[in-house]
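One structure below.
We did not get these values from a lab; they are worked out from the coordinates using the rules stated. Because the structure is a prediction, the values reported are computed rather than measured. Here the Cβ positions follow ideal geometry from the backbone for every residue, glycine too, while neighbour counts run over all protein chains shown.
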Amino acid sequence: MLILGIESATASTGCAVGDRSGVRASVRAAGDRRHAEMLAPQISAVCELAGVSLRDVAAVAVDVGPGLYTGLRVGVTTAMTIASALRVNMVGVTSLDLVAFPVRHTSRSITAVIDARRGEVFCARYRPVPGGVQRVSEPAVSSPEAVAAEIMAAAGEELVVGDGAVRYRSVFDPIRGAEIADRGFACPSAESLVHLACARALREEHVPPEEIRPLYLRRPDAEAKWPAAAGAPTPASGP
């Protein structure tokens with residue numbers, strides 16, 4: 001089963017094509033707020049690199065967030081459009097799962113932390129299991145300090161991974177027993193998306209395109225500023 005993976009929930013945009021034997025080709029580029037203009041050329045490029053046509057794709061996988069509103073919306077809409085045109089099912093994977101998966105070989109517990117801007121992060125905790133990771137908390141939006149407090153309360157060996165861990169290194173570095181993952185693991189990857197989606201598709205954990213739902217967790221930045229601009233208090237952000 002050939003799967004096309006589309007990832008654009010953070011500042012980077014990436015696509016990959018693969019099946020149960022592995023990823024055949026992938027492309028990735030950083031370009032904050034340029035997701036819409038980069039995604040279509042990347043899809044064409046990854047198919048050409050893999051030597052396949054879009055008509056060969058049996059399922060489309062997409063990062064459903066949480067993440068930056070514009071990039072997430074572009075990626076999910078593009079993936080749904082392609083899946084609908086091809087009449088194939090979809091697999092949605094959260095961005096936090098995609099950040100945690102590449103560090104699955106650690107012996108530590110894992111906290112995935114994605115920069116949500118506005119002084120906040122998207123986060124979830126995981127534990128390594130044979131062949132992957134298991135999420136032990138639901139995706140949430142929080143302050144870096146609150147996430148650090150949870151890690152300290154757990155009082156164990158923790159690997160903190162994601163661009164939120166990199167940006168707020170000064171918050172997480174002092175935690176006893178915590179390690180910040182290398183910057184190379186900072187963003188969700190389309191390669192991890194294809195790996196996870198293939199396993200789920202084989203278990204028939206896929207849905208029609210119209211059933212895919214983005215995981216926003218909070219309102220877009222522009223909308224959040226409207227009450228303040230009108231002179232009203234801005235409601236607190238939350239999951």
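Taking other C-beta atoms within 10 Å as the exposure proxy, HIS105, HIS35 rank HIS105, HIS35 from fewest upward.
Exposure proxy for SER26, SER53: other Cβ atoms within 10 Å of each Cβ, ordered fewest to most, give SER53, SER26. Distance between the pseudo-spin-label points of GLU210 and ALA146 (7 Å out from Cα toward the beta carbon): 3.6 nm. Build a GNM of the chain with springs between Cα atoms under 10 Å apart, and of LEU39, LEU49, LEU159 the one that fluctuates most is LEU49. Residues considered: ALA148, ALA100, ALA79. Largest GNM mean-square fluctuation over the chain, using C-alpha springs under 10 Å, is found at ALA148. Between ALA45 and MET1, the modelled labels are 2.8 nm apart [label points 7 Å from Cα along Cα→Cβ].
What whole number of Å gives the distance from the Cα centroid of segment 162-207 to the Cα centroid of segment 34-49? Segment 34-49 and segment 162-207 have Cα centres separated by 22 Å. When exposed loop sites are taken as trypsin sites (Lys or Arg not before Pro) in a DSSP loop with at most 13 other Cβ atoms within 10 Å, the longest stretch of the chain clear of them is 119-175. Taking ILE43, ILE175, ILE212 as the candidate residues, the one with maximal mean-square fluctuation in a Gaussian network model of the chain, Cα springs under 10 Å, is ILE175.
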